Amino acid sequence: MEQENKAHRAVRTKNTKKALHNNGQNAKAFAVSAPRKLERQARRTHDVNEKRFHVPMVDRTPEEAPPIIIGVVGPPGTGKTTLIKSLVRRYTKHTLSDIRGPVTVVSGKRRRLTFMECNNDLNSMMDIAKIADLVLLMIDGNFGFEMETMEFLNVLAPHGFPRILGIATHLDLFKSPSTLRASKKRLKHRLWTEVYKGAKLFYLSGVMNGRYPDREILNLARFISVMKFRPLKWRNEHSYLLADRVVDITHPTEIENNPKTDRKITLFGYVHGTALPASNARVHVPGIGDLTISDVERLPDPCPTPYQEKKEVEEGKIKRRKRLDDRLKVIYAPMSDVGGVLIDKDAVYIDVGHRSFVEGEEKGVGERLVVGLQNAQNMLGEGSTGIQLFQGADALNEVTEVDEEVDELEKDNTGRKQRRHGNAVTAESYDDSGFDKESEDEEDFDDDDDDEKAYSDAISKSLNADEDDNQDEELAFADSDSDMGYDDEFDGFDEDQRGDLRWKDDLASRALNDYKAGRRKWDIGKLLYLENISPADVISRWKNEKLDDNEDGEEDIDEGENEDDDDGNFFKKRDNSSILASSSAEVIDCTIPEYNDSELKLRWGESSPALSLLRGRFLNGQTDDDDEDDDAYHSSDFDSDEDGEEFGDFEDLETGESHQASASKEKPETVDNEEREKPKADYEKEREANAKKKEKLRLRFEEEELQEDDGLGDDDPEKKLYDTWHDAQKAKISKQLEINKAEYEDMDQDTRDKIEGFRSGCYVRVVIDHIPYEFIDSFDPKFPVVMGSLLASEDRFGFLQVRIKRHRWHRKILKTNDPLIFSIGWRRFQSVPIYTTTDSRTRNRMLKYTPEHLHCLATFYGPLVAPNTGFCAMTSVANKAATGAFRIAATGTVQEVDQSVEIVKKLKLVGTPYKIFKNTAFIQGMFTSALEVAKFEGATIKTVSGIRGQIKRALAKPEGHYRATFEDKILMSDIVILRAWYPILPRKMYNPVTSLLIKDKTEWKGMRLTGQVRYENEIAVPNPKDSQYKTIERSVRHFNPLRVPKAIRTELPFKSQIAMMRPQKKDSYLAKRAVVLDGEEKKKRDLLQKVMTLRNEKDRKRQEKKLERKAVFEKKLADNEQKRREREKKDKKEYFSKYGKKRGADGAGGRSGKRRRGGGDDFDD
């Protein structure tokens, strides 16, 4: 028999691709083959691009960025300390034995890292969550995720999620590789669920030599070094500081007088976020409260980066560095034992090992000094040990009189101690050595002056004579001969002998003139900041006023200026008081120059050309026709400081009002007034021009307001074309940053700090006053001290309306007026919330409890923050109060802030009618007075049956009763209800969490519930009689039958006719026939009734037995059916696993019903 199969398809021989190019163009090459697919692909590409966009934020990261804060978080025993030690060892080659407080290391040429270990405490978790840029989440791989880890993740969510790296430890406890792989997979997917899909999870196998393996730590360090961080919204709007040092600088006397006095402390740390204001900034320290900064000071960076070397490389000064050398790997941990030095709150401890100095075997002076201090019996200032200046000399307890005389002699001998040859004493010697060099160079004295020559010769002779008498003595230079005692020697000379000494005649006045000629000008900027002179002296010196004779102003000022000069010890000032003793009050230096009054009057008189030219410039302005006058103006010497401006005739160009000069102030004849006066037509033209200019300015300002120009001018990015709004905003932000940078570049560092504040990345010293003494007494560096700045609006208090939701893992439902601890912004505080909901956005209705799995509104009192700020809430932060349950009670965001809020509570007033007149009724029991009724006149009332009504007027008697009308007649049994809304005022309760002020910082307790107080104090719950439940007795109501009037019944249609039985007039058959049973009949009927009762009882028992047997049988059938199904399922599985789901063509089932597509022959094997 021939096989009947479908013939094979013929092979195509024609090339269809050639036909597409017959017309010179491929039609399919430029057409969309799958439009739907292309649309989906384009939509997906667009969605992916949009998900990458974030709201444009200002990048406030400076050129020298602050250290990246890395929080190491995890339950106890997960290896947090070991990880920090391993990373510090990797970065700095230092081994830390005790980690206390932040540890800052240099990890790259432009990157620093600050590690902070987080304690197992909710307060520490909240502080780290607010400041950490990167969180290393420690997970015990052998145990899995613990409750503390999940709590920290839920604290991170509302405060802004930073970058998170999961680190699984204790993996060396797994014995089986398959179990280890399964555990890793389970941990990874659980972390993805809580953080985001694709979150990185590192695995640390075991601990070797107290550290994790170097290869695993190296991989972690490399991953951290390439991470990028995006600023979070809250941190980008506030400045904050993680204190790495805390020092108490309170005066010891105050602490001795009152140990509980408020302290003055300093916080050291790097500024993060925005710039910290330079003075009087309001800050909040979580755990202490709101504070005011008294002083901020910039300090040198204790942990600098090698970025400066990069600049030197660009300048070609040094060779490019390929890697970070060991000597540049810096670590800064002042509260940890780095290098054997530990800085505590009140002392510095030096670790000298287990075996310290041995007394008697000291090596060197340093060891002897330390041992001597350790063996000191008396405190500083006790005992009369005196001062020993030289080894082997006696100790000095007091200064003797001889020493005082020597001091006086040394004080007089202020000149050089060697001879000076060839230099005569000139008038320049009167110049104070404290004068500026510029002032000395400005005035050059004539060496040919006869008086000066005579003065020089006389001094030379006197000095030579003194040398002959005292060859072995040193020469002492004085400011005058009177100081050296020469006046007494010349008293016995005659006139001829004194001829050579005429230079001494009128010496004081000549010295005054020479002094004035060569004096310098005082710098008022330096005078203001000198502390050794009074403000009155400053003003007197500046105004050249007279001072007391005993004041040596220049010496005080020069001492103040040269107080910190390193070379000040080598030179001593000379005393000029003796030379100028007679007129010391007249030689006070000042900045106001002295002029001859006659010359000034001649130069600036009424007839002077200089004053006329000055008037012309002020009145008419500078024109092109005034070149000659301009030259004359510049050639004149306008150096007077007097304020005697005088004006001539002028006219106000805006008002047109003319002003005439007085007769005493007329212009001189030397000035051509006719040329300078302008005709009235010219003034009118100028007025019109000014008016047009003003109008043009006004239009320009209006255009700028309409365009909402931000001051960027033509460079505004919004005026340019960008592909997306996102690009335009980023360009606008970058342009504004460039403008700010250009504005601040020309300022010096101090001026910029005062105007802009201390920028992010600065290492500052912050001084804060009025700190409670408990902070210092109970200070523990293991708990972070964070200082966050407060904006102007955040320093005010009011009511916050938030959107809140009870956490799904929190066991108990939240109740209104139960205290909660909120973490909003920098603050942690306890308040009393009221939960509300909105009824069609018309009112805020109070809720007694939070709804299940839904958001609601909450209102509480606290510091105001910006809307959309996230927060979390918990019932308690004490570790002892933890019951093993989830402690995060709720999370949410702030919606509105206001000083007041309106919350209402539903109030139902119930009354009963006691008189009914058709649609009017008198109601009682709802109010107690006519005044209450008057408040609710016109209010809507309603009965339980649904009849609506309205309150009309109060009745005269009895008190509290009123008249009401209804839409229908009500019954006496109806209950009338008035639905009202009662306003609720939230409580103004704000209790900041002061956990840093107690010894045990993990056990802070706030306001407790009444039930907790009763439980802890073993107080019985009161049971008032009115609060006890009673049995409710309700009387049965009997309703009258429905009676339809006959007139209405006759009008009803047949279908609605009411069937009513007529009363029977005659007795019925049963009523007429009475059956009387005799005694035998009664016995029979009674026997039959008993037999039927027994039969019915037997049938009932038989039926029950039958049902029991049937139930057992049905159960047996169900078991057999279940076994049969399982057996069939097993057989099917074995069959299909052996033979496959589809049978072959030669199988037992025969050929398949459908032929294979394409035909062909089937061949048997």
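From the phi angles alone, apply the Karplus equation (6.51, -1.76, 1.60; θ = phi - 60°) to segment 906-914 and give each ³J(HN,Hα) in whole Hz, x where the residue is Gly or Pro.
Values per residue, Gly and Pro as x: 5, 10, 10, 9, 10, x, 10, x, 10 Hz.
Would you kindly work out the equivalent ellipsoid of segment 922-1000 from its C-alpha gyration tensor and give its semi-axes, the square roots of five times the eigenvalues, largest first in whole Å? Intermediate values should be presented prior to the final figure.
Working: eigenvalues 413, 49, 22 Å².
Ellipsoid half-lengths, sorted descending, are 45, 16, 11 Å.
With a 1.4 Å probe and every protein chain kept in, tell me what percent of the accessible surface of segment 990-1031 is carbon plus sulfur. Intermediate values should be presented prior to the final figure.
Details: 1740 of 3420 Å².
Answer for segment 990-1031 is 51 percent, counting heavy atoms of protein chains only.
Could you rank the peptides 804-813, 105-114, 1091-1100, 66-75 by their average count of other C-beta atoms within 10 Å per residue, with the highest value first? Mind showing how you got there, number by number?
Details: 804-813: 15.8, 105-114: 19.3, 1091-1100: 9.9, 66-75: 23.9.
So the order, starting with the most tightly packed, is 66-75, 105-114, 804-813, 1091-1100.
Name the residues whose placed amide hydrogens come within less than 5 Å of the amide hydrogen of ARG245, ignoring near sequence neighbours (fewer than 5 apart) on the same chain.
PHE268
So what's segment 747-901 giving for Cα Rg divided by 2.2 N^0.38 Å, two decimals? Write out the running numbers ahead of the final one.
On the way: Rg = 19.5 Å, N = 155, 2.2 N^0.38 = 15.0 Å.
Against the compact-globule rule of thumb, the ratio is 1.31.
At 7 Å along the Cα-to-beta-carbon direction for both HIS726 and ARG36, put a label point, then send me their distance in nm to one decimal.
For the pair HIS726/ARG36, the computed spacing is 3.0 nm.
What translational D, rounded to a whole number of µm²/s, comes out for segment 721-762 from Stokes-Einstein when the hydrodynamic radius is the Kirkwood one over Cα pairs, at 25 °C and 0.890 mPa s?
Numbers: Rh = 12.1 Å.
Rounded to a whole number, D works out at 204 µm²/s.
How big is D, in µm² s⁻¹, for segment 114-204 by Stokes-Einstein at 20 °C and 1.002 mPa s if Rh is the Kirkwood radius over C-alpha pairs? Intermediate results must be reported in sequence, preceding the final value.
Numbers: Rh = 13.8 Å.
Diffusion coefficient, whole number: 156 µm²/s.
Take peptides 958-969, 279-290 and line them up by average Cβ neighbours within 10 Å, highest first, as a rough protection proxy. Please list the in-between numbers first.
Numbers: 958-969: 16.2, 279-290: 18.9.
Going by the mean number of other Cβ atoms within 10 Å, highest first, we get 279-290, 958-969.
I'd like the Karplus ³J(HN,Hα) series for segment 822-830: coefficients 6.51, -1.76, 1.60, θ = phi - 60°, whole numbers in Hz, and an x wherever there's a Gly or Pro.
Running phi through 6.51 cos²θ - 1.76 cosθ + 1.60 with θ = phi - 60° gives 9, 10, 10, x, 7, 8, 10, 8, 9 Hz.
Once the cut-off is 12 Å, how many percent of the Cα-Cα pairs in segment 960-1015 end up in the long-distance tail? Each step should come with its number before you reach the end.
On the way: 1279 of 1540 pairs.
Summing the P(r) of segment 960-1015 above 12 Å gives 83 percent of all pairs.
Could you sort 34-45, 291-302 so that the peptide with the highest average Cβ count within 10 Å comes first and the rest follow in order?
Values: 34-45: 10.0, 291-302: 14.8.
My ranking of the peptides, most packed first, is 291-302, 34-45.
Output the relative contact order of segment 103-255, whole-number percent, from Cα pairs under 8 angstrom with separation of 6+ residues.
Numbers: 143 pairs, mean separation 30.4, N = 153.
Result for segment 103-255 is 20 percent.
Net charge near ALA792, counting Lys/Arg +1 and Asp/Glu -1 over other residues with Cβ under 15 Å of its Cβ? Each step should come with its number before you reach the end.
Details: positive: ARG282, ARG796; negative: GLU237, ASP290, GLU794, ASP795.
With Lys, Arg at +1 and Asp, Glu at -1, the neighbours total -2.
If you line up the Cα atoms of segment 875-928 on their principal axes, what length do they span on each, largest first, in Å?
On the principal axes, segment 875-928 reaches 67, 32, 20 Å in Cα extent.
Which value, in Å to one decimal place, does the Kirkwood hydrodynamic radius take for segment 841-908 when every pair of different Cα atoms is included?
Values: mean 1/r = 0.0680 Å⁻¹.
One decimal place: 14.7 Å for the Kirkwood radius.
Using a probe radius of 1.4 Å on heavy atoms only, what accessible surface per residue do you get for segment 187-317? Whole Å² is fine. All intermediate terms of the calculation are to be shown ahead of the outcome.
Details: 6690 Å² over 131 residues.
Per-residue accessible area for segment 187-317 comes out at 51 Å².
Based on the alpha carbons, how large is the Rg to Rh ratio for segment 974-1071 when Rh follows Kirkwood?
Numbers: Rg = 35.1 Å, Rh = 24.3 Å.
Result for segment 974-1071 is an Rg/Rh of 1.44.
The values are calculated or read from the model by the stated rules, or taken from the named source; none is laboratory data. Note that this is a predicted model, so its numbers are computed, not measured. Backbone-built Cβ (ideal geometry, glycine too); neighbour counts: all protein chains shown. Heads up: the accessible areas ignore ligands, DNA and RNA and are worked out on the full protein's heavy atoms, side chains in. Shrake-Rupley method; radii C 1.70, N 1.55, O 1.52, S 1.80 Å.
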